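The values are calculated or read from the model by the stated rules, or taken from the named source; none is laboratory data. All values derive from a computational prediction rather than experimental measurement. Note that we place each Cβ from the backbone using ideal geometry, even for glycine, and neighbour counts take in every protein chain shown. Quick note on the areas: whole protein, heavy atoms, side chains included, nothing else; ligands and nucleic acids left out. Shrake-Rupley method; radii C 1.70, N 1.55, O 1.52, S 1.80 Å.
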Amino acid sequence: MTVISEHDARISGSTAHDVREISIAHSPDSDDAFMFYALATNKVRVAGLRFTHTLCDIETLNQKARQGVYDVTAISFHAYPYIQDLYALMSCGGSVGEGYGPMIVSPRAFTESEIKAKRIAVPGTLTTAYLALQLFAPGVQTEVVPFDQIIPQVLAGNYEAGLIIHEGQLTYDKVGLHRVVDLGRWWQKMTGLPLPLGGNAIRRALGPDLMSAVNSALRDSIQYALDHREEALSYAMQFARDLDAQTADRFVGMYVNERTLDYGPEGREGVERLLDMGHKAGIIGPHARVDWV
């Protein structure tokens, strides 16, 4: 089964020899792979467009977005205010934590007050995890470590605690670490809202029609994966970093779901509240003008 986007007619004036390439960049993670599966394997196509995929860690993508490198890019919401002149937010493709999210973990069961005095390994200063950490513990001492090295570095004793994202949220206890704070749970208790972690941004230079067509194609890709879960999960397993199938399925379910098809009012409010609080706290410089495709 192949889904042909409803926007085909709008851009179908192009011929087979006049194909527009749309560059897409996202993280090499099982949830992103699941989400983009149908586009990457041509299960979803848009007449006149060819999608090319680049996989890169999220902090690097945040930095490249500031240069406008890709047409569509996964970003941390923390990065959006710095790229908003070049990109708009897509209304689908978000990773939203419903009472869960990035975690501070440690070999010792520190209290919340104790952990605020520790040096914490973080996956990047433009990640939403870092933003949430700074809101939780203003001025906390941090050091940037590649996200997949945080748990090994903490276990090696190089840091007393680490801020973990991605699959580490489901595996930290298996290696003997303690969860000190789940920032998604902390955020929900404080605001009553889900914590929006990452989203997809699209270059404004593409123009309204093309932006809308690409957004529709991504939504179709997400829907295809949800409708063909076993097939899409099998593809995503190559990016699951040694997770077993059951754990990978659980992780994908956490971050690819109905809210990934559309943030909904609570999800959108969460984005605006997070960025507004970050700006008022002096963590984010520019004021965010949030607009959606």
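Just for segment 159-173: of the residues that are buried (at least 21 other Cβ atoms within 10 Å of the Cβ) and β-branched (Val, Ile, Thr), which one is nearest to the chain's Cα centre (by Cα)?
That would be Ile165.
Regarding Ala79, is this residue outside any helix (DSSP H, G or I) and either among the hydrophobic types (A, V, I, L, M, F, W, C) or more than 20 Å from Met254 (Cα to Cα) (or both)?
no
Condition check ((1) among the β-branched types (Val, Ile, Thr); (2) within 25 Å of Asp31 (Cα to Cα); (3) open to solvent by 30 Å² or more (accessible area, probe 1.4 Å)) across all residues:
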site	(1), (2), (3)
Phe147	no, yes, yes
Gln153	no, yes, yes
Gly157	no, no, yes
Val175	yes, yes, yes
Trp186	no, yes, yes
Lys189	no, no, yes
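For segment 29-61, how many residues are touching a residue at least 60 places away in the same chain (Cβ under 8 Å) and surrounded by fewer than 16 Cβ atoms within 10 Å (Cβ to Cβ)?
1
Which numbered condition trips up Leu131, out of (1) free of Cβ contacts under 8 Å to residues at least 12 places away in the same chain; (2) within 23 Å of Val256 (Cβ to Cβ)?
(1)
Checking the structure you have, find out if any residue of segment 200-210 is of a type in the set (Val, Ile, Thr), part of a strand (DSSP E or B) and open to solvent by 40 Å² or more (accessible area, probe 1.4 Å). I'd like the intermediate steps shown before the answer.
Keep residues of segment 200-210 that are of a type in the set (Val, Ile, Thr), which gives 202.
Filter once more, so that each one left must be part of a strand (DSSP E or B): 202.
Adding the requirement that they be open to solvent by 40 Å² or more (accessible area, probe 1.4 Å) leaves none.
Within segment 200-210 (the criterion being of a type in the set (Val, Ile, Thr), part of a strand (DSSP E or B) and open to solvent by 40 Å² or more (accessible area, probe 1.4 Å)), the answer is no, since none of the residues qualifies.
I'm trying to understand the selection: among the residues of segment 2-36, which are touching an Asp or Glu at 6+ places or on another chain (Cβ under 8 Å), assigned to a helix (DSSP H, G or I) and modelled with pLDDT of 60 or more?
Passing the criteria: only Ser30.
Only one residue in Tyr80, Tyr100, Tyr130 is of a type in the set (Phe, Trp, Tyr) and surrounded by fewer than 23 Cβ atoms within 10 Å (Cβ to Cβ), so which one is that?
Every option except Tyr100 fails the conditions.
Are there any pairs with C-beta distances below 8 angstrom linking a residue in segment 242-253 that is over 19 Å from Ile165 (Cβ atoms) to a residue that is among the hydrophobic types (A, V, I, L, M, F, W, C) and open to solvent by less than 30 Å² (accessible area, probe 1.4 Å), with the two at least 6 apart or on different chains, and if so which?
Cβ pairs passing all conditions: Ala245/Leu233.
Can you name the helices (runs of 4 or more DSSP H) wholly within segment 99-186 that have at least 3 residues being farther than 28 Å from Asp276 by Cβ and at pLDDT 95 or above?
Of the helices (runs of 4 or more DSSP H) lying wholly inside segment 99-186, those with at least 3 residues that are farther than 28 Å from Asp276 by Cβ and at pLDDT 95 or above span 150-155.
If you check Asp242 against the conditions, is it closer than 28 Å to Asp173 by Cα, surrounded by fewer than 23 Cβ atoms within 10 Å (Cβ to Cβ) and either among the aromatic types (Phe, Trp, Tyr) or out of contact with any helix residue (DSSP H, G or I) (no Cβ under 8 Å at 6 or more places or on another chain) (or both)?
Against the criterion (closer than 28 Å to Asp173 by Cα, surrounded by fewer than 23 Cβ atoms within 10 Å (Cβ to Cβ) and either among the aromatic types (Phe, Trp, Tyr) or out of contact with any helix residue (DSSP H, G or I) (no Cβ under 8 Å at 6 or more places or on another chain) (or both)), Asp242 qualifies.
Taking segment 237-251 as the search range and keeping residues that are of a type outside the set (A, V, I, L, M) and in a loop (DSSP other than H, G, I, E, B), which one is farthest from the chain's Cα centre (by Cα)? Before you say what the answer is, go through the steps one by one.
Keep residues of segment 237-251 that are of a type outside the set (A, V, I, L, M), which gives 238-239, 241-242, 244, 246-247, 249-251.
Cutting the leftovers down to in a loop (DSSP other than H, G, I, E, B) gives us 241-242, 244.
Details: Arg241: 17, Asp242: 20, Asp244: 22 Å.
Checking each candidate, the answer is Asp244.
Tell me which of these Gln149 doesn't satisfy, since it passes every other one: (1) more than 26 Å from Leu86 (Cβ to Cβ); (2) of a type outside the set (A, V, I, L, M); (3) over 19 Å from the mean Cα position of the chain (by Cα).
All conditions pass for Gln149, except number (3).
Considering segment 211-239 alone, what residues qualify as being open to solvent by less than 40 Å² (accessible area, probe 1.4 Å) and under 14 Å from Gly199 (Cα atoms)?
Within segment 211-239, Asn215, Leu218, Ile222 meet the criteria.
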